[in-house]
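Please read the structure below before turning to the comments.
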């Protein structure tokens with residue numbers, strides 16, 4: 001099991017990173033020049049075919065063969081036209097457009113979540129630092145209380161440290177104790 005201090009240190013050093021869909025291209029095709037070419041070509045074709053303009057063009061192309069399919073009165077030809085020509089040709093770009101919209105939404109969510117995560121990480125690190133400082137101050141106060149005895153410290157007994165750490169903070173705590181327990185001094 002890892003040492004608690006090592007885990008805390010690693011957590012402090014951790015920097016949240018943002019990973020978007022275009023960051024993972026090299027993991028799909030690789031990093032060499034041929035792989036880079038394949039990635040760029042695939043993305044270019046996907047962007048071209050995955051547009052509503054391409055869907056409109058494919059729909060017009062599919063409509064060219066519709067009259068001859070209907071004139072044949074053959075159910076196999078009509079079903080073939082619907083399944084092979086219309087559905088495959090027209091729905092392909094529309095599905096790609098939908099996937100592009102979903103990927104953009106996912107990237108936007110990732111960016112928003114990343115900003116939130118960075119803020120939470122910064123605040124948590126700050127809170128942990130403050131807690132360590134408070135623990136040090138409370139340990140100092142506990143030592144002073146034990147040295148003076150409970151009667152001299154106004155009956156205040158600190159049994160467990162909970163977190164701060166600066167001389168002026170200690171002075172502020174001592175002032176608060178003096179105001180709270182004036183008979184103790």
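Data overview
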| quantity | calculated |
| --- | --- |
| Selection from region 75-110 of residues that are loosely packed, with under 12 Cβ neighbours inside 10 Å and over 24 Å from residue 53 (Cα atoms) | 75, 76, 79, 108, 109 |
| Wholly enclosed helices (runs of 4 or more DSSP H) of region 1-110 bearing at least 3 residues in contact with a helix residue (DSSP H, G or I) (Cβ under 7 Å, 6 or more places away or on another chain) and modelled with pLDDT of 75 or more | 33-49, 52-71 |
| Hey, residue 137 within 29 Å of the chain's Cα centre (by Cα) and either surrounded by 15 or more Cβ atoms within 10 Å (Cβ to Cβ) or within 29 Å of residue 16 (Cα to Cα) (or both) or not | no |
| Pair list, Cβ under 9 Å, 6 or more apart: region 55-73 residue within 16 Å of residue 84 (Cβ to Cβ), other residue at pLDDT below 90 and exposed (fewer than 12 other Cβ atoms within 10 Å of the Cβ) | none |
| Qualifying residues in region 114-131 (those that are without any contact (Cβ under 8 Å) to a residue 40 or more places away in the chain and touching a helix residue (DSSP H, G or I) at 6+ places or on another chain (Cβ under 9 Å)) - the one surrounded by the most Cβ atoms within 10 Å (Cβ to Cβ) | 129 |
| Near pairs, Cβ below 9 angstrom, 6+ apart or cross-chain, from region 1-14 (closer than 19 Å to residue 123 by Cα) to any residue that is modelled with pLDDT under 70 and exposed (fewer than 11 other Cβ atoms within 10 Å of the Cβ) | 10/2 |
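The values are calculated or read from the model by the stated rules, or taken from the named source; none is laboratory data. Just so we're clear, the structure is a prediction, and the values are computed from it rather than from any experiment. All Cβ positions, even for glycine, are placed from backbone atoms using ideal geometry, and neighbour counts span all protein chains on display.
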